[in-house]
1. Given the pairs K59/K110; K3/K31; K3/K142; K45/K142; K4/K42, which span a C-alpha to C-alpha distance of over 19 angstrom in this model?
2. With all protein chains present, calculate the accessible area of E25 using a 1.4 Å probe and round the result to the nearest 10 Å².
3. Calculate the FRET efficiency for D54 and E14 from the Cβ-Cβ distance with a Förster distance of 30 Å, rounded to the nearest 0.05.
4. Accessible area per residue, 1.4 Å probe, Å², for the chain: what's the number?
5. Please give the length that would be gained between T145 and E41 if that part of the chain were fully extended, namely 0.36 nm times their separation in residues minus their C-alpha to C-alpha distance (nm, one decimal).
6. What is the extension gain from K94 to T107, computed as 0.36 nm multiplied by their sequence separation minus the C-alpha to C-alpha distance, in nm to one decimal?
7. Figure the gain on full extension for S66 and S125 (residue separation times 0.36 nm, minus the Cα-Cα span) and round it to one decimal in nm.
8. Using a 1.4 angstrom probe on the protein heavy atoms only, line up D57, D20 by accessible area, largest first.
Amino acid sequence: MMKKSELLDQLRLEVGLAFDYASSETDFFKKVLQAIYRVTEKCFKLSLYITYNDGLDMKLLYHLSSNDEYNKQVFGFGFISLCYLRATILINVKDNQMIFAPIFSNTQLKYVLGIRTMNEQYSFSTQDIEFIDELIRFIEAKQQTFE
C-alpha cells in the first residue's frame with residue numbers, strides 16, 4: 001500500500017468524483033464507500049448504518065468486505081448517545097480498530113459510517129481521524145443537494 005499521505009490524497013480525489021457521478025443520496029454513499037474500499041485495496045470493512053425510530057435505533061444500510069463476512073454491531077442507546085456528540089469515535093479491540101463517524105442532516109443524526117481494520121493491515125492514526133472528520137463534513141454539505 002502507498003504512503004499514508006498519498007493514500008489520503010487519493011481518497012480525497014476519489015470521494016470528490018463519487019459526488020460528481022452520484023445520481024441520488026444513496027448512490028452517493030455507495031460510491032463513497034466503494035471508492036474508499038477500492039483505494040485502500042480492500043483492507044477495510046465498511047458499513048453504513050441508517051437511523052430510525054427518531055434516531056434511537058440503527059440498521060445496516062450498506063456493507064463492503066473482502067470476505068463477505070459481516071459482524072453485526074450491537075450499538076445500544078449509550079453508543080447512539082455518543083454519536084450525537086458529532087465526534088468520530090476510534091475503538092481498539094484486540095487486533096481490530098474501528099472508527100464510527102456520525103453523519104447529520106441539519107441537527108438530526110441520519111447515518112453512522114463504520115470502518116474496521118485489522119492492526120496488521122493498517123493502523124489508524126490522527127491523520128486518519130482528521131481525514132474522516134473532513135470526509136463527514138464533505139458528505140454533510142453534499143447530501144443536501146440530493147434532498
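The values are calculated or read from the model by the stated rules, or taken from the named source; none is laboratory data. Everything numeric in this text was worked out from a predicted model, so none of it was measured. Cβ sites come from the backbone with ideal geometry, for glycine too, and all protein chains shown count toward neighbours. These accessible areas exclude ligands, DNA and RNA; they are computed on the full protein's heavy atoms, side chains included. Shrake-Rupley method; radii C 1.70, N 1.55, O 1.52, S 1.80 Å.
1. The answer is K3/K31; K3/K142; K45/K142.
2. 30
3. Working: r = 34 Å, r/R0 = 1.13.
Once rounded, the FRET efficiency stands at 0.35.
4. Ligands and nucleic acids excluded, the result is 54 Å² per residue.
5. On the way: separation 104, 0.36 × 104 = 37.44 nm, distance 2.96 nm.
Working it through step by step, the gained length comes to 34.5 nm.
6. Numbers: separation 13, 0.36 × 13 = 4.68 nm, distance 3.41 nm.
Full-extension gain reported as 1.3 nm.
7. Numbers: separation 59, 0.36 × 59 = 21.24 nm, distance 2.23 nm.
Difference between extended and current length: 19.0 nm.
8. Sorted descending by solvent-accessible area, the residues read D20, D57.
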